[in-house]
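Take a look at the structure below.
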Amino acid sequence: MSAESSHRAGAAPSRTGLLEKILVPLDGSEFGEQALPVARSLAGLAGPDTEIHLVHVHVSVPIFIEGIATVNPELERDREELEQEYVGTAARALSEEWSGTVRSALLHGPVDEALEEYADTQHIGLVLMSTHGRTGLKRAWLGSVTDRVIRRTGRPVLTFRPSEDPDAANEILREIGEILIPLDGSKRSETILPHAETLARLSGARITLLRVLPSYHSIGHPSQVQSAREEETVMARLVEDSEAYLADLETRVRERGFEVARSVEPGADPAAAILEVASSGSATLIAMATHGRGGMSRAFLGSVTDKVVRAAPCPLLLFRPDHSV
C-alpha cells in the first residue's frame, strides 16, 4: 500500500532497463539522503527519460501500556503526515535539479517487503541504497534493511557507504572509470555482466574481469598432507584453466565494444583478495552477483558479498539472479 505523487507525468512501461527507473529508499537520515546526488549522477548518464522514485516506508512504532504493545492511531497519522511531507519535499528539491521525472511515495509494511512490492509494481530497473542509515524521523531503518533487500530482490542494487561529509556524495559516481567484476567460473556469477556493461557503455568505463583462485586445500582435495610438487601441479593447472576462462570471456565482452582487462589472483580469502585488488588498482565500482554456484568446487560469491559490501573502497553493483541460473 502506498501514497504516491509525481513531479512529471508519464506512463510506466511494462519492462524497464537498468537506468530507466531508479528507486531510492529514504529513511529520514542525512546518510540515506546521500543517495540523491548519486541518483542524479546516474540519471545524467542515462538521459532525461530516466525516472527517479523516492520512497519512504512507514514503520509503526508501538507504545507499551502495562507491558502490552499497542499503536496509537492519532500518533501514527501524525507520523505519516510528516513522512509524506518529508519524501515529497525531497522529490521537489530533486526535481529542481533534474529535468526528468521524479516520483515520491509513502509505503507501508515490513520495509524490505514494501520496497520489493513497489519495485515490482513500478517495474524498477535499479535500487540505489546507502549501506548505513542513522536516526531521523525517530526511526531510521535503511542500514539494517540493505542486506535483506540485496538478498531478496531479483533486480540490481547499487550500494555505497555514506560519508561523514555530505558534500562527498556529489563525487561518488562523478566518474565511473573502471568496473571490477569478480567471477567464480560459474554462469550464475556471469549474470552481473549485462548490468555492469550498461553502466560501462554509458560512462565509457573499462571493465576488469577478476578470478580469485581458492587455496589448494579448499578445492576438494583430501585433508592429508600432499607433496609440494603435487600442490604446485594442481595450482598451475588451476591458473591455466582460469586464464583460459577469463580470456574467452574477455573476447566476448570486447566484441560487444568494451575496453577489457583480466586478472587471476590467488586468495585463500576471496573477499580480502577482491578488496585488495579494488584498493590497489583504479576500480571505481565493483559489480558482482550475490550468490555463486559451481565452479572450482567452492564458489565464493555468496557469503563473500557481505564482507565486500562492508569494506569496499568504492560503490558496488549487486545482483541476485533467480534460481534457474
Residue separation times 0.36 nm, minus the C-alpha to C-alpha distance between GLU30 and ILE68: what's the value?
10.4 nm
Estimated distance in nm for a label pair at GLU265 and GLU243, the labels positioned 7 Å out from Cα along Cα-to-Cβ:
1.9 nm
Computed from the beta carbon distance with a Förster radius of 25 Å, FRET efficiency for GLU97 and THR121 to the nearest 0.05 stands at 0.40
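Taking 0.36 nm per residue of sequence separation and subtracting the Cα-Cα distance, how much length would be gained by fully extending the chain between VAL234 and HIS108, in nm to one decimal? Present the calculation step by step, with values, prior to reporting the outcome.
Working: separation 126, 0.36 × 126 = 45.36 nm, distance 5.44 nm.
39.9 nm is the gain from fully extending VAL234 to HIS108.
A short reminder: the numbers here are calculations on the coordinates, not readings from a lab. These numbers come from a predicted model, not from an experiment. FYI the Cβ positions are ideal-geometry reconstructions off the backbone, even for glycines, and counts take in every protein chain you see.
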